[in-house]
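Quick notes on the structure that follows.
Every number in this text was worked out from the coordinates using simple rules, so none of it is lab data. None of the values given here were measured: they were computed from a predicted structure. Glycine gets a Cβ as well: all are built from the backbone with ideal geometry, and neighbour counts include every protein chain shown.
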Amino acid sequence: MVILVTGGTGYIGSHTVVELIKNNYDVVIIDNLSNSSKDVVNKIEKITGSKCKFYEADIRDENALDKIFKENKIDAVIHFAGYKAVGESVKKPLDYYDNNVVGTIKLLETMKKYNCKKMVFSSSATVYGNPKVHKFDETIERGKAVNPYGATKIVIEEMLENLYVSDDTFEISILRYFNPVGAHESGIIGENPNGVPNNLMPYIQKVAKGELPELSIFGSDYNTKDGTGVRDYIHVVDLAKGHIKALEKLDNKKVYTYNLGTGKGYSVLDLVKTFEKVNNIKIKYKFVDRRPGDLDCYYADTSKAEKELGWKAEKGIEEMCKDSWNFAKNM
Ligand code: NAD
Ligand code: UFG
């Protein structure tokens, strides 16, 4: 089977390409390198010993998509390409709608044209908005977006459901990620955002390397065990494996939606302390005000993915911290 991976040189995409190759899929990547580098293609080859086809192109470029679908018999698409920075989305909402929503429309139009009807889509726990419970399961309705980035994920989920109603030969799986962290055990690929990171683990990595002086912990007065925010961190390799399971399970009976998390919540301090312990490094931190828009505590109910996909995250927080540092220290 030939799988087109959009955003395949990015953080989650690259780890998923490795798992696809390990599972004997042929992979074609499209990425415009807006948030990754071409080098990743060689790194994937180094890990797997296999080549994958790479197109440097934008998913909004219909001619480029045409060329890819003409040159390759694409059986299914795993769609990662998009912008993901919450803060930036508030400043540049139109760019986010254009890249994430318009990009997905162009991709789906081309898929239709070439009768490719299978898609696994990268969504986010952010689509739940701010429900009253901490444990999010898939029966909770999509909430109100807290930022434009989240809004694009909600729009795309709804669009995919509408598309299926109009044409039930589509086979679609929507995966809602919680907080992906960690890196491939080889240390060859991982998360390396440009500039000052927004997310916790990349920020910790930069403090550990001495590239940033200290971590600011956003809020120490949440109603959690130690006052800091609680999230469900999931190792990116577990997450990548979830995509293979979702791909294998695709059928046209309905649009499937799954949470991908571990089901466990850890606080910011849990993550910092674990990183310090397993890597034997001190992380300097200070407490500052809460970050606007942050929720206090949430984690995934993973029972649906476990039951229907036969998938369960296997790696714990110690491995996440170890692998993150194993990658970052060599960067
Ligand atoms: P990433 O930025 O590392 O990867 C995205 C890749 O897509 C990058 O390589 C980028 O160059 C590429 N890209 C962006 N726009 C493109 C376009 N128009 N055409 C072609 N390529 C394009 O991000 P990631 O963390 O790997 O996230 C992948 C997906 O998962 C995104 O859709 C993101 O919204 C979603 N997601 C991520 C997280 C997270 O915390 N990392 C959480 C929930 C959901
Ligand atoms: N945090 C800090 N200091 C930092 C960065 C983060 O204390 O410098 C805290 C946050 O307040 C939060 C936790 O660390 O309590 C995790 O924050 P992240 O920014 O790493 O992740 P978020 O949970 O805010 O958001 C992530 C993705 C979103 C996605 C969401 C879905 O960044 O794209 O998960 O669950 F929508």
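What number, rounded to the nearest 500 deg cm²/dmol, is the helix-based mean residue ellipticity at 222 nm of the chain, given -39500 (n - 2.57) per DSSP H run of at least four residues and division by all its residues? Display every interim value, and only then the final one.
On the way: 11 runs with 120 residues, N = 331.
Calculated mean residue ellipticity at 222 nm is -11000 deg cm²/dmol.
Please list, or write none, the aspartates and glutamates whose alpha carbon is within less than 17 Å of the alpha carbon of K273, excluding same-chain residues fewer than 8 places away.
Hits, sequence-local ones excluded: E214, D226, D232, E318, E319, D323.
Which FRET efficiency value, to the nearest 0.05, do you get for V133 and N24 by plugging their Cβ-Cβ distance into 1/(1 + (r/R0)^6) with R0 = 35 Å?
Computed FRET efficiency for V133 and N24: 0.30.
Could you calculate the FRET efficiency of V155 with K91 from 1/(1 + (r/R0)^6), where r is the beta carbon distance between them and R0 is 22 Å, rounded to 0.05? Don't skip to the answer; put the middle values down first.
On the way: r = 19 Å, r/R0 = 0.86.
E between V155 and K91, to the nearest 0.05, is 0.70.
Can you tell me the relative contact order of the chain? Whole percent, Cα pairs under 8 Å, sequence separation 6 or more. All intermediate terms of the calculation are to be shown ahead of the outcome.
Working: 669 pairs, mean separation 61.9, N = 331.
Contact order relative to length: 19 percent.
By DSSP, what percent of the beta bridges with both residues in the chain are antiparallel, rounded to the nearest 5?
Working: 2 of 40 bridges.
So the antiparallel bridges amount to about 5 percent of the total.
When a/c reaches 1.5 or more, the comparison of a/b and b/c decides; with that in mind, is the stretch 1-78 rounded, prolate or oblate per its Cα gyration tensor?
Numbers: a/c = 1.95, a/b = 1.23, b/c = 1.59.
The shape class here is oblate.
By average Cβ neighbour count within 10 Å, what is the ranking of 142-155, 207-220, 57-70 from highest down?
Numbers: 142-155: 19.1, 207-220: 15.6, 57-70: 17.1.
Per-residue Cβ counts within 10 Å, averaged per peptide and sorted highest first, yield 142-155, 57-70, 207-220.
Taking a threshold of 30 Å on the Cα-Cα distance, which of the pairs K206/K315; K67/K91; K209/K312; K92/K254; K46/K70; K51/K144 fall above it? Intermediate results must be reported in sequence, preceding the final value.
Details: K206/K315 23 Å; K67/K91 34 Å; K209/K312 32 Å; K92/K254 34 Å; K46/K70 28 Å; K51/K144 42 Å.
Pairs exceeding the cut-off: K67/K91; K209/K312; K92/K254; K51/K144.
Between the stretch 179-194 and the stretch 257-330, what's the alpha-carbon centroid distance in Å?
Taking the Cα centre of each part, the stretch 179-194 and the stretch 257-330 sit 13 Å apart.
Once R0 is set to 35 Å, what does the formula 1/(1 + (r/R0)^6) return for the Cβ-Cβ distance between M1 and K46, expressed as a FRET efficiency to the nearest 0.05? Walk me through the numbers before you get to the answer.
On the way: r = 23 Å, r/R0 = 0.67.
FRET efficiency, M1 to K46: 0.90.
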